[in-house]
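For reference, the structure is listed below as C-alpha cells.
Read-outs: derived from the displayed coordinates by stated rules, not from any lab. If you're wondering where the values come from, they're calculated on a predicted model, not measured in any experiment. All Cβ positions, glycine included, derive from the backbone under ideal geometry; neighbour counts span all protein chains shown.
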Amino acid sequence: MRFEIEFSGHENIRSNHKKTIEITKESKLTLQGDCIIGVNASYSCYDLPSNLKDKLRDPKRNIRFSIKVGQQEFTLEGKGHKDLILSHTEDIVIRKSDFVCPRTLAVSCDKASDLLPRNMVNLLQDPKTKGTFTIIVE
C-alpha cells in the first residue's frame, strides 16, 4: 500500500533532531520545532484511511518512507506497532525509538531529521517549496 501526503516548506525548518521526523498541518513553525521538515501537510495521523492505520498497527510490517523535494529524495525505514493511536489532528511523527503517542506513525526508524541532506533542507526553508511524504507499507 502506498499513500502520499503533500506538504510545504517554511523559513524556520532546521531538520536537526536526532530521533524524529515530523510533518504538520500547522502553517506556523518556531525554531524549537527542529524535527519538522514540512508544514501545511495534507493529512495528519487522524486523517489517514482506516485500512492504512490497520497495517501500521501490525508490528511485523516494514514501513518505508520517501521524502521528495524537487528532484531530491530521502528514504528511510521503520516498523509498525500494535499500540499506535494515530489520532492526532495536526501532526505525523516517525521515531527512532519505540515511544508511542497520538502523533506517532512508525517506530524503530533507521534515520531521523538530522540526516536529511542539507541541500534538501535549504530548499525546504523556502515557503514556496512543495514536498511529498510517501508511506509505503509492505
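Phi angles across region 37-51 convert, under the Karplus curve 6.51 cos²θ - 1.76 cosθ + 1.60 with θ = phi - 60°, into 3J(HN,Hα) values of 10, x, 10, 6, 5, 6, 9, 10, 4, 4, 7, 5, x, 4, 5 Hz, Gly and Pro given as x.
Using label points projected 7 Å from each Cα along Cα→Cβ, tell me how many nm separate Gln72 and Asn119, to one decimal. Computed distance between label sites Gln72 and Asn119 equals 0.8 nm.
Using unit Cβ charges (K, R positive; D, E negative) and no other charged atoms, how large, in debye to the nearest 20, is the dipole of region 2-137 about its Cα centre?
The dipole magnitude comes to about 340 debye.
Computing Kirkwood radius over Cα pairs in Å for the structure here picks out one of (1) 15.1; (2) 14.4; (3) 15.7, namely (2). Computed from backbone phi with θ = phi - 60° and the Karplus coefficients 6.51, -1.76 and 1.60, the 3J(HN,Hα) list for region 5-19 is 10, 8, 8, 10, x, 7, 4, 9, 5, 10, 6, 10, 7, 8, 10 Hz; x is used for glycine and proline. Extending 7 Å from the Cα toward the beta-carbon at both Glu4 and Lys128 defines two label points whose distance is 2.2 nm.
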